[in-house]
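Colleague: Would you mind keeping the following structure in view while I ask a few things?
No value in this document is a laboratory result; all are computed from the given coordinates. Note that the coordinates shown come from a computational prediction; the quantities given were computed from them, not determined experimentally. When we count neighbours, we look across all protein chains shown, and the Cβ atoms used for this are built from the backbone with ideal geometry, even at glycine.
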Amino acid sequence: MSASATIQKRAEWLREQIRYHNYRYHVLDDPELPDIEYDRLVRELESLERDNPDIVTADSPTQRVGANPVKAFGTIAHKLPMLSLENAFSEDELRDFNRRVIDRLQTDPDSAIAYAAEPKLDGVAVSLLYEEGRLVRGATRGDGERGEDITHNVRTIEAVPLSLLGRGFPGTLEVRGEVFMPRAGFREFNENARIKGEKTFVNPRNAAAGSLRQLDPRLTAERPLDIYLYAVGQVDGGKLPQRHSQVLDRLQDWGLKVCPERRVVEGVDGCLQFYREMGAKRDLLAYDIDGVVYKVDRLDYQAQLGFVSRAPRWAIAHKFPAQEELTIVRDIEFQVGRTGAVTPVARLEPVFVGGVTVSNATLHNMHELHRKDVRIGDTVIVRRAGDVIPEVVAVLLDRRVKGARVVKVPKKCPICSSAVLSIEGEAVARCTGGLFCPAQRAEALRHFASRRAMDIDGLGSKLIEQLVAVDRVRTPADLYHLTVDELMTLERMGQKSAEKLLASIERSKQTTLSRFLYALGIREVGEATASALAGHFGNLSELMSASEESLQAVSDVGPVVASRVYAFFSEKHNRDVIQSLIKAGVIWAERASKAAVADGPLTGKVFVLTGTLPGMTRDEAKDRIQAAGGKVSGSVSAKTDFVVFGDKAGSKLTKAQKLGVRTIDQQELEKLLADQ
Ligand code: IVH
């Protein structure tokens with residue numbers, strides 16, 4: 001055998017292997033090879049074809065994506081028209097259909113018709129034409145008579161075989177099915193498009209349609225498209241089995257992908273059973289379906305029944321309640337969640353969607369509201385899938401009325417009137433009411449009592465919910481006025497546990513400033529920040545009166561945290577709660593603040609720290625210098641008295657030397673501190 005014949009053979013063998021493994025992976029969903037082995041086969045074929053361009057064939061698995069965009073879509077005529085389906089929206093309509101089938105066929109009304117039941121896929125109908133087993137054409141349904149030539153795009157869908165497997169297929173075989181974008185791929189695609197500022201799609205069906213209508217197949221190839229075939233069209237030069245269900249089995253043997261959720265059922269009862277099962281499964285499937293289809297399974301019966309206008313008499317689509325509907329936004333209001341998130345909610349003209357009447361839909365957050373540009377008066381698509389909260393998916397801009405009103409984030413919380421804080425670049429606006437806002441009460445109390453905050457043992461979420469529900473506890477301060485008798489009126493609360501709880505409430509009064517600050521539940525103030533604030537200010541009153549600027553001087557406190565802390569203490573009701581807590585006996589050891597150390601040994605001296613000190617953290621050094629009356633600054637200037645340098649000291653040390661500022665190491669610092 002010549003060298004070129006050997007190469008040719010090897011290439012052919014590789015193609016067959018790749019086709020087979022493609023089939024296992026895409027059609028049967030049951031891969032045999034690890035991905036890495038499969039990739040090796042593809043790479044070997046690619047390299048053979050690169051070195052020997054004359055051996056490349058059009059149906060080689062390497063040739064899915066054409067290099068050049070097409071100028072426009074050509075039109076093709078369907079040899080057999082692509083039909084649509086009659087719809088049934090109720091059990092009665094299904095029974096009528098079944099009755100008509102029995103009447104026409106004149107079969108025994110007591111023996112059930114066998115129906116092939118399948119999901120009704122929510123994608124784009126396409127036709128694929130195979131000549132001698134090779135894919136020669138892909139087309140859209142168009143008006144049923146004529147569609148668009150999308151061969152270059154369907155070739156890029158990996159689940160579409162470029163050549164059929166096995167043998168026995170008709171010389172001409174046209175198959176029909178639905179191209180769709182699985183939900184996960186759709187979400188990922190939109191997410192990426194959003195990040196890149198590109199066009200997003202409203203739902204997976206639009207995404208599939210848009211992807212198939214690309215003139216450049218390289219773009220289609222990047223979209224996560226998939227296909228299920230559910231019918232045959234033109235067939236010449238070969239025979240197919242006698243039943244629809246068997247035809248689909250045969251298609252699968254030839255490498256064509258069919259939906260696994262299909263089965264033959266008996267009569268209306270079997271159909272209804274299938275309908276209910278698929279309805280329950282609907283949200284768990286990887287792709288969207290909008291109903292199920294029943295087809296008379298026997299092809300001779302199908303032939304007898306024939307067609308009426310554009311739809312077969314032997315099939316019907318039994319639709320699920322629609323998950324998307326159009327309606328009008330009457331108003332946009334704001335709700336406050338447990339964590340203070342202020343969420344825009346659309347009040348809608350009531351509409352029946354996803355099986356229920358919907359009159360409210362979430363708009364998620366301000367960022368989403370602006371991105372979708374939803375205005376009062378707009379016509380919108382609402383979606384309710386499964387038990388998920390209904391949402392506004394998109395606005396129909398061409399239906400926007402004059403005077404459609406834009407809404408802004410409210411300045412005040414609709415529940416408690418505290419200021420609402422929106423931070424530049426953050427999607428979520430929040431109520432600053434914290435402890436005071438009824439919407440946030442239970443959550444605030446749970447946090448207050450938690451182990452790392454006030455550590456009130458035995459005060460769990462259930463109890464808190466009860467105390468809030470009976471309006472006995474509004475703020476954390478109310479916890480300190482509970483009595484045994486009151487507690488005993490609550491569910492599952494005996495005298496013993498009531499006394500135990502009161503004891504731990506009592507114990508919690510002895511705390512630290514850091515825990516107390518953390519317990520207040522100021523946004524962005526976690527344990528570490530609380531401790532930094534406590535360390536820096538030393539006492540509460542000074543912290544409460546600190547400006548945003550001076551808050552930022554605390555290590556690790558940036559502008560966002562500073563504004564949260566400042567906003568929190570600016571609210572009178574938050575200050576009131578703090579006063580009540582102190583009055584109720586909550587107490588911690590206060591430290592003299594730095595300002596109060598007017599006569600320490602380091603009073604008036606300005607320090608700058610640089611590098612890593614061997615025996616103390618930067619915060620410790622800072623605290624001790626401040627406790628001795630010194631000041632710690634971030635940058636070296638002529639006003640600096642000492643630069644304390646440690647390991648890997650940087651430019652601050654050089655600058656100090658340049659300015660003639662005294663530089664000291666940790667040992668010398670310890671000495672200065674010890675002098676006090
Ligand atoms: S059979 C002659 N089976 O529904 C019957 N159609 O409303 C031709 N569809 O254009 C269609 N899933 O896009 C059939 N399992 C299924 C289907 C299905 C979705 C679509 C198809 C068709 C439309 C008809």
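Colleague: Going by how many other beta carbons lie within 10 Å of each one, how would you line up K281, K402, fewest first? Kindly include the intermediate steps, with their values, before the conclusion.
Modeller: Details: K281 12, K402 5.
Arranged by neighbour count, lowest to highest, K281, K402 become K402, K281.
Colleague: Pull the list of the chain cysteines that no other Cys approaches to under 4.7 Å, Cβ to Cβ.
Modeller: Lone cysteines by the Cβ rule: C259, C271.
Colleague: While we're here: If segment 552-676 were replaced by its equivalent ellipsoid, with semi-axes equal to the square roots of 5 times the Cα gyration tensor eigenvalues, what would those be, largest first, whole Å?
Modeller: Working: eigenvalues 222, 64, 33 Å².
Output for segment 552-676: semi-axes of 33, 18, 13 Å.
Colleague: Right, another one. One quarter of the convex hull surface, Cα atoms only: what value does that give for segment 228-376 in nm²?
Modeller: Details: hull surface 55.1 nm².
With the hull built on Cα positions only, its mean projection is 13.8 nm².
Colleague: Below 19 Å, Cα to Cα, which lysines can K605 reach? Residues fewer than 8 away in the same chain don't count.
Modeller: The reachable lysines, counting only those whose Cα sits under 19 Å from K605, are K594, K622, K631, K639, K652, K655, K671.
Colleague: Moving to a separate point now. Label segment 321-401 by shape, choosing from rounded, prolate and oblate, from the square roots a ≥ b ≥ c of the eigenvalues of the Cα gyration tensor; if a/c is under 1.5 it is rounded, and otherwise prolate applies when a/b is larger than b/c, oblate when it is not. Could the numbers behind the result be given before it?
Modeller: Values: a/c = 1.83, a/b = 1.14, b/c = 1.61.
Since a/c reaches 1.5 but b/c is at least a/b, the shape of segment 321-401 is classed as oblate.
Colleague: Rounded to the nearest 0.05, what FRET efficiency is calculated for Q510 and N360 with R0 set to 56 Å and r the Cβ-Cβ distance? Present the calculation step by step, with values, prior to reporting the outcome.
Modeller: Details: r = 47 Å, r/R0 = 0.83.
E between Q510 and N360, to the nearest 0.05, is 0.75.
Colleague: May I pose another question? How far apart, in nm, are two points set 7 Å out from the Cα along the Cα-to-Cβ line at S461 and at L28?
Modeller: Using points 7 Å along Cα→Cβ, the separation is 4.6 nm.
Colleague: Would you calculate the separation in nanometres between label points at E266 and R218, each defined as 7 Å from the Cα along the Cα-to-beta-carbon direction?
Modeller: Spacing of the two 7 Å Cα→Cβ label points: 5.8 nm.
Colleague: If you don't mind, there's one more thing I want to ask. How many nm separate the modelled label positions at E590 and A322, each set 7 Å beyond the Cα in the direction of the Cβ?
Modeller: That separation, rounded to one decimal, is 6.6 nm.
Colleague: Only residues of segment 155-188 count here: report those whose backbone N is under 19 Å from the spot 7 Å along Cα→Cβ of K239, or say none.
Modeller: 167-174, by backbone N distance to the label point.
Colleague: Let me ask another. Determine, for each peptide in 342-349, 198-205, the mean count of other beta carbons within 10 angstrom over its residues, then list the peptides with the highest first.
Modeller: Values: 342-349: 19.5, 198-205: 16.4.
For the peptides 342-349, 198-205, the packing ranking is 342-349, 198-205.
Colleague: Stretch W13-N87 to full length: gain in nm at 0.36 nm per residue minus the Cα-Cα span?
Modeller: Values: separation 74, 0.36 × 74 = 26.64 nm, distance 4.72 nm.
Fully extending the segment from W13 to N87 adds 21.9 nm.
Colleague: Which of the three applies to the chain, rounded, prolate or oblate, going by the alpha-carbon gyration tensor with a ≥ b ≥ c and a/c under 1.5 meaning rounded?
Modeller: Details: a/c = 2.99, a/b = 1.84, b/c = 1.63.
Note, shape of the chain comes out prolate.
Colleague: Next up: Counting helices only, and only those DSSP H runs with n ≥ 4, report the 222 nm mean residue ellipticity of the chain as the sum of -39,500 (n - 2.57) divided by its residues, in deg cm²/dmol to the nearest 500. Intermediate results must be reported in sequence, preceding the final value.
Modeller: Working: 25 runs with 244 residues, N = 676.
About -10500 deg cm²/dmol.
Colleague: Still on this structure, I have one more. In the calculated pair distance distribution of segment 32-176, what percentage of Cα-Cα distances lie above 22 Å?
Modeller: On the way: 6273 of 10440 pairs.
Considering segment 32-176, 60 percent of its Cα-Cα pairs are separated by more than 22 Å.
Colleague: Pull out the extension gain between R134 and D619, defined as 0.36 nm times the separation in residues minus the alpha carbon to alpha carbon distance; nm, one decimal.
Modeller: Numbers: separation 485, 0.36 × 485 = 174.60 nm, distance 7.33 nm.
Taking 0.36 nm per residue and subtracting the Cα distance, the gain is 167.3 nm.
Colleague: Could you name the aspartates and glutamates whose alpha carbon sits less than 16 Å from that of K658, not counting residues in the same chain fewer than 8 places away?
Modeller: Once the sequence-local aspartates and glutamates are set aside, what remains near K658 is D641.
Colleague: Using the 10 angstrom Cβ neighbour count as an exposure proxy, how do I36, I289 rank, fewest first?
Modeller: On the way: I36 7, I289 22.
Arranged by neighbour count, lowest to highest, I36, I289 become I36, I289.
Colleague: For a label point 7 angstrom out from the Cα of V401 toward its Cβ, which stretches of segment 312-356 have the backbone nitrogen within less than 20 Å?
Modeller: 325-333, 345-352
Colleague: Note the full-extension length gain between T654 and H481 as 0.36 nm times their separation in residues minus their Cα-Cα distance, in nm to one decimal.
Modeller: Numbers: separation 173, 0.36 × 173 = 62.28 nm, distance 5.94 nm.
Going from the current span to full extension adds 56.3 nm.
Colleague: Amide H of A429: which non-local residues (sequence gap of 5 or more, or other chain) have their own amide H closer than 5 Å, using H built in the peptide plane?
Modeller: So A429 has HN proximity to V342, M366.
Colleague: Moving on to the next point. Can you classify segment 11-86 as rounded, prolate or oblate using the Cα gyration tensor, where a ≥ b ≥ c are the square roots of its eigenvalues, rounded means a/c under 1.5, and otherwise it's prolate if a/b beats b/c and oblate if not? Let's see the in-between values first.
Modeller: Details: a/c = 2.84, a/b = 1.42, b/c = 2.00.
Judged from the Cα gyration tensor, segment 11-86 comes out oblate (a/c at least 1.5, b/c at or above a/b).
Colleague: While we're on this one: Place a point 7 Å from the Cα of A209 along the Cα-to-Cβ direction; which residues of segment 67-83 have their backbone N under 13 Å from it?
Modeller: none
Colleague: Using a Förster distance of 22 Å, how high is the FRET efficiency between L80 and Q304, based on the Cβ-Cβ distance and rounded to 0.05? Present the calculation step by step, with values, prior to reporting the outcome.
Modeller: Values: r = 18 Å, r/R0 = 0.80.
Computed FRET efficiency for L80 and Q304: 0.80.
Colleague: Follow-up. Report the FRET efficiency, 1/(1 + (r/R0)^6), for L285 and I36, where r is their Cβ-Cβ distance and R0 is 35 Å, rounded to 0.05.
Modeller: Details: r = 29 Å, r/R0 = 0.84.
Computed FRET efficiency for L285 and I36: 0.75.
Colleague: For a quick check: with amide H placed at 1.01 Å from N, whose amide H comes under 5 Å from V353's, ignoring anything fewer than 5 positions away on the same chain?
Modeller: V358
Colleague: What's the ranking of 427-438, 633-644, 108-119 by average number of surrounding C-beta atoms within 10 Å, highest first?
Modeller: On the way: 427-438: 22.4, 633-644: 15.9, 108-119: 18.1.
Packing order, densest peptide first, comes out as 427-438, 108-119, 633-644.
Colleague: Amide H of R263 versus every other amide H placed in the peptide plane: which residues, excluding those fewer than 5 positions away on the same chain, fall under 5 Å?
Modeller: HN-HN under 5 Å from R263: A117.
Colleague: Then there's this: Residue by residue through segment 510-516, which ³J(HN,Hα) values in whole Hz follow from phi under the Karplus form 6.51 cos²θ - 1.76 cosθ + 1.60 (θ = phi - 60°), with glycine and proline marked x?
Modeller: Ordered by residue, 3J(HN,Hα) equals 7, 9, 10, 4, 4, 4, 4 Hz.
Colleague: Filter the cross-link list K281/K462; K281/K372; K79/K239; K411/K572 down to pairs whose alpha-carbon distance in this structure exceeds 24 Å.
Modeller: Details: K281/K462 34 Å; K281/K372 30 Å; K79/K239 18 Å; K411/K572 17 Å.
Over 24 Å Cα-Cα: K281/K462; K281/K372.
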